[in-house]
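The values are calculated or read from the model by the stated rules, or taken from the named source; none is laboratory data. All of these numbers come straight from a predicted model, not from anything done at the bench. Quick reminder, even Gly has a Cβ in these numbers, built from the backbone with ideal geometry, and neighbours come from all protein chains shown.
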């Protein structure tokens, strides 16, 4: 039997053999704010990545994707405050330089270092500030939390998690951190996310599991419908736990999948909860769909509907908006077969409106998490999606966020 | 030669042989507000319709679409304040009753009367209020403006227009009105729109022209990305101008298309300008696309991007958001070939950032209309789309709008 346990205060360097650190390079407008982070595996590892599908891709995404494919990654250097996107050939050179500087510091080949940048687009990366700041960056086994802070932009809190996984052969850990608050929508949710494990897996298996897990977690997350040119999810597996390599189609693989799903689900939920201006996390669970694609479409469409999001901001049980959003999702939806529950209260039952006490319903909606459950009544497939409410603060943040 | 001239103060009953009127039936919360309207052709006419593609369809949409197909429409009765949507079999009966009441008043068969309802979903239509109010509704040749007011919900102003069309054979008129402010997105923009003309066309040709025109106008309009279950666009052509019937593939057809395009473009722009909470109209013109589908995708995606909309609310020349939105549209986009102009200012030229004076740019953006011009540099196809900025007022309107 295998078991999965959250590690209290766990983070991206909780798994053995990973070090991280961060410094302030002066890229963010707040003096002294951490904005340059480095995550490093002390030993060779398998790495996999999932990237934005936006056709406008930042320079670091272009550089890093090629390196993931080459299969030799051991570190990632990340800055916040500038996305190094829409920056042309100079941007590519800057991204390569940033990785090369980190590689020199770590004694690695440049091709072993991934690079990511997040922040404003269309502005040249201040590469000299990064060159100047990098020497002072100290790596440590408890450096995960600093790294998680350094990658934040409009996030109000860092997002970190780790699990300990007990298996018959021994235990390993899996940890992660993520940033992202606005410009978040599948595919991918706009974000940077890093997952580490001291389990051992071959890169191809790791890539396959990561892609499927991302589709069920980060790609089911929406804040504002916009996607970015910088989205990057990287996973590193360095085998430092000393356990046998996890083979495909094994009990160990199933356990690892569950552990990775737990890490990514946690991070996706925390990203939604901290969506720009958000006051409530929305979880949409769709069941009874005719297909997985349909279930996911409905969950994502409901979670991203401006009218659903504003109703939830106002504790307004305006449930019709939920069904109408489902109706435009592209999935098969039949109001005569659908059942809708909001905060556990049945509101619509296969074509019939269910009366409810509006005052009670409003008070149940004044909660930090809103549960929408929609049974389409057409099949047996389920999916979950996450989002957040839309408040006036979202508008303030994005109308005033500087170019 | 044919010519098109706007009619000063023109409206939906400017074309000959159309009457309209409105009363207050007590369906809106504001006492005395017009909320029940009737539009009627004094003679037989061709009618065509375009309806929501949302799979959750209101009762009036279900009733009316069947009647448009049967091809005998001469009138439409519309209420605001209640959408009669998600109301099951009782809702269908109410929609049929509402049409039958109007038919009896007009001496028409029920099948000759279309019906539409707009307002809150999931609430039974107060059909007795409509029965009580309808007798007092007076029809008049100058009743268009009252009708246009009666169909409004969160709209702040009515949207009406008419053109006079001079042709070698004589002149005719084309007029229209529309409502819609939130829950607006292709397809269709959430709205009710009615177009009348005293030109004569066969129903099939009218339907074909209406569909194509809707795709280039109302279906290029977005306010908040949500679509409704009530969207209905109807066009009536009664031939009262006494001109020969307009044949397909003729100079007269080309003129009629241009006139219908002018009416629908005007109404679509006015709907965008009056989007919920909007302070600015956004017009996105995409050129150089590889296909019409690509051009339209980019225009709609940019116009509906929450990040573009909030930047424009804040007069923030954050042009990177425009290109990044284009990149997620699904159309082919290559940053090395794209050129972007905002308010006439070139900001990005095929991979290169163009420096600009930020203070000047901010002041140019403090305008009622924002022009985004994006040349993809990949082909020769163009399209326009319309939207509006996203302000805190949108959130207030929709967080507080009652269920």
Residue match in the range A:244-251 (condition: within 29 Å of residue A:397 (Cα to Cα) and either within 15 Å of the chain's Cα centre (by Cα) or part of a loop (DSSP other than H, G, I, E, B) (or both)): no
Subset of the range B:7-40 [under 30 Å from residue B:89 (Cα atoms) and not in a loop (DSSP other than H, G, I, E, B)]: B:20, B:21, B:22, B:23, B:36, B:37, B:38, B:39, B:40
Test: residue A:256 is within 11 Å of chain B (Cβ to nearest Cβ) and either in a loop (DSSP other than H, G, I, E, B) or in contact with a strand residue (DSSP E or B) (Cβ under 8 Å, 6 or more places away or on another chain) (or both): no
Number of positions in the range B:371-396 that are away from chain A (no Cβ under 14 Å) and either in a strand (DSSP E or B) or within 30 Å of residue A:317 (Cβ to Cβ) (or both): 10
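Against the condition within 12 Å of chain A (Cβ to nearest Cβ), outside any loop (DSSP other than H, G, I, E, B), free of Cβ contacts under 8 Å to residues at least 60 places away in the same chain and surrounded by fewer than 24 Cβ atoms within 10 Å (Cβ to Cβ), how does residue B:399 come out, does it pass? Give the steps one after another, and end with the answer.
Numbers: within 12 Å of chain A (Cβ to nearest Cβ): yes; outside any loop (DSSP other than H, G, I, E, B): yes; free of Cβ contacts under 8 Å to residues at least 60 places away in the same chain: yes; surrounded by fewer than 24 Cβ atoms within 10 Å (Cβ to Cβ): yes.
The answer is yes for residue B:399.
Could you pull out the residue among B:12, B:56, B:77 that is under 19 Å from the mean Cα position of the chain (by Cα) and touching a residue at least 60 places away in the same chain (Cβ under 8 Å)? Give the derivation first.
Numbers: B:56 fails: under 19 Å from the mean Cα position of the chain (by Cα); B:77 fails: touching a residue at least 60 places away in the same chain (Cβ under 8 Å).
None of the others qualify; the one that does is B:12.
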Any hit, the range B:359-368, residues being buried (at least 16 other Cβ atoms within 10 Å of the Cβ), within 14 Å of another protein chain (Cβ to nearest Cβ), out of contact with any helix residue (DSSP H, G or I) (no Cβ under 8 Å at 6 or more places or on another chain) and within 20 Å of residue B:288 (Cβ to Cβ): no
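Output the residues belonging to the range B:375-403 that are closer than 29 Å to residue B:213 by Cβ and within 24 Å of the chain's Cα centre (by Cα).
Looking only at the range B:375-403, we keep the residues that are closer than 29 Å to residue B:213 by Cβ, and these are B:375-390, B:394.
B:381, B:382, B:383, B:384, B:385, B:386, B:387, B:388, B:389, B:390, B:394, listed by residue number.
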Scope the range B:234-248; condition within 30 Å of residue A:311 (Cβ to Cβ) and either touching a helix residue (DSSP H, G or I) at 6+ places or on another chain (Cβ under 6 Å) or not assigned by TED's automatic domain parsing to the domain that holds residue B:47 (or both); matching residues: none
Failed condition for residue A:158, given (1) without any contact (Cβ under 8 Å) to a residue 60 or more places away in the chain; (2) within 21 Å of residue A:19 (Cβ to Cβ); (3) more than 15 Å from the chain's Cα centre (by Cα): (3)
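Any residue at all in the range B:25-39 that's in the same structural domain as residue B:193 (by TED's automatic domain parsing), within 21 Å of residue B:206 (Cα to Cα) and within 20 Å of the chain's Cα centre (by Cα)?
Of the range B:25-39, the ones in the same structural domain as residue B:193 (by TED's automatic domain parsing) are B:25-39.
From what's left, within 21 Å of residue B:206 (Cα to Cα): B:39.
When the remaining residues are screened for being within 20 Å of the chain's Cα centre (by Cα), the result is B:39.
Yes, the range B:25-39 has at least one match.
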Residue identified as away from chain A (no Cβ under 14 Å), within 19 Å of residue B:233 (Cα to Cα) and touching a helix residue (DSSP H, G or I) at 6+ places or on another chain (Cβ under 7 Å) among B:103, B:59, B:70: B:70
Check on residue A:282, farther than 23 Å from residue A:209 by Cβ and in contact with a helix residue (DSSP H, G or I) (Cβ under 6 Å, 6 or more places away or on another chain): yes
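Does residue A:204 meet the test of being assigned by TED's automatic domain parsing to the domain that holds residue A:19, over 20 Å from residue A:44 (Cα atoms) and outside any strand (DSSP E or B)?
Numbers: assigned by TED's automatic domain parsing to the domain that holds residue A:19: yes; over 20 Å from residue A:44 (Cα atoms): no; outside any strand (DSSP E or B): yes.
Considered against the rule, which asks whether it is assigned by TED's automatic domain parsing to the domain that holds residue A:19, over 20 Å from residue A:44 (Cα atoms) and outside any strand (DSSP E or B), residue A:204 comes out as no.
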Residue match in the range A:65-74 (condition: buried (at least 24 other Cβ atoms within 10 Å of the Cβ) and under 29 Å from residue A:205 (Cα atoms)): yes
Any pair with Cβ under 6 angstrom, 6 or more apart, that starts in the range A:253-265 at a residue that is surrounded by fewer than 24 Cβ atoms within 10 Å (Cβ to Cβ) and ends at one that is at pLDDT below 90: A:255/A:2; A:265/A:217
